[in-house]
Amino acid sequence: MAKKFKVGEDNNDEISQGQISRNETTVSPIAEADTINALPQDENNDPNAIKVTIEDEKTPIVVLFGPPSSGKTMILVRMTRYLRKIGFNVKTVPTFRSSEDEHYKKICDGFNEMITNENAAESTSAISFMLLKVWKKGKPICQILETPGEHCFNPNDKSSNMDFPRYFQSICNNNNRKIFLIVVEPDWRDESHRTNYVQRINQLIHRMGQRDKAIFLYNKVDETPFVIMRGKTNTAEAKKSVSDQYKGIFESFKNTIPIVNFFTPYNCKFVPFSTGDYNKTVNGDNVYEEGPDEYPRELWKTIMSFVRG
């Protein structure tokens, strides 16, 4: 028998029966006890010390943007599985971080094992900062960047939300088209946190260039009443719920071009998403079962509409 648990609780939260503990990761070489932190210690202490390199300045970058524990890494896992299933190659980009960064090297070396492991959810705490590249028949399609959630929006530290770290500003300012995948979820924290997150998103908008695009990813839609049947969602009602809970979240994306705004009221996309099911077996193993392909298929279709356009 397997019991459901949820991924994405803070590390210091009490772990109830059926929930996964981020400190229990023992299944992957990239999550070896305390030997690996999300970032090297000096970069944990000072995010402005982080240095990154985007070698490919032509291929669009999909930037996963969301607070800690919003599910960004499992979104990355699910999309990687789906893309490989339909014939794409998804590889880590070793040159994104310094060759002296042993943590990033371990992530790259262990990435394929984590993606294919049924315990993938357990090792996600070791991955919070990496760059992938998606290929098809030897041609680069896009790059996917996951940034640490606390650098996107830290609900527990207002001082950290004054400005984005230097590396993030550098990525925003480079020549690649950026597609920001902004993660929201149902009933997240309280109204004040959601209001502050909307303000943070508005800060992000000011960093976006004319060619950049935004997709709001409504993660964990399977936990809402908006799912009609497997992989099919009442998207209009789901979007309305997000608008009600996150006041003003879409306002900055309103299309102001006359006539055009009648057919396209917002300059952003909204995609419901579910990564799948998470269960704890009676012997204590935490297992992951990917959800319906309809969710990653629709997300990939939306991403590609921006990549091509």
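Throughout, read-outs are computed from the coordinates displayed, never taken from laboratory work. Keep in mind that what you see is a predicted model, and the values were worked out from it rather than measured. Glycine also receives a Cβ, built like all others from the backbone with ideal geometry; neighbour counts cover every protein chain displayed.
Quick look at the values:
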item	result
Prolate/oblate/rounded label for region 118-267 (Cα gyration tensor, a/c 1.5)	rounded
Full-extension gain in nm, Ile257 to Lys232, via 0.36 nm per residue minus C-alpha separation	5.9 nm
FRET efficiency, 1/(1 + (r/R0)^6) with R0 30 Å, evaluated for Lys247 and Met208 via beta carbons	0.90
Difference of contour (0.36 nm per residue) and Cα-Cα distance, Lys136 to Glu191	15.5 nm
Dipole magnitude of region 121-185 about its Cα centre (Cβ charges: Lys, Arg +1; Asp, Glu -1), debye to nearest 20	640
In region 169-242, trypsin sites (Lys or Arg not before Pro) in a DSSP loop with at most 16 other beta-carbon atoms within 10 Å	Arg189, Arg211, Arg230
Relative exposure of Met229, Met304, Met130, Met79, judged by other C-beta atoms within 10 Å (fewest first)	Met229, Met304, Met130, Met79
Computed label-point distance, nm, for sites Asn174 and Lys51 using a 7 Å Cα→Cβ extension	1.5
Trypsin sites (Lys or Arg not before Pro) restricted to DSSP loop in region 65-104 with at most 12 other C-beta within 10 Å	none
Sequence of Lys280, Lys51, Lys139 once ranked by neighbouring C-beta atoms within 10 Å, starting from the fewest	Lys139, Lys51, Lys280
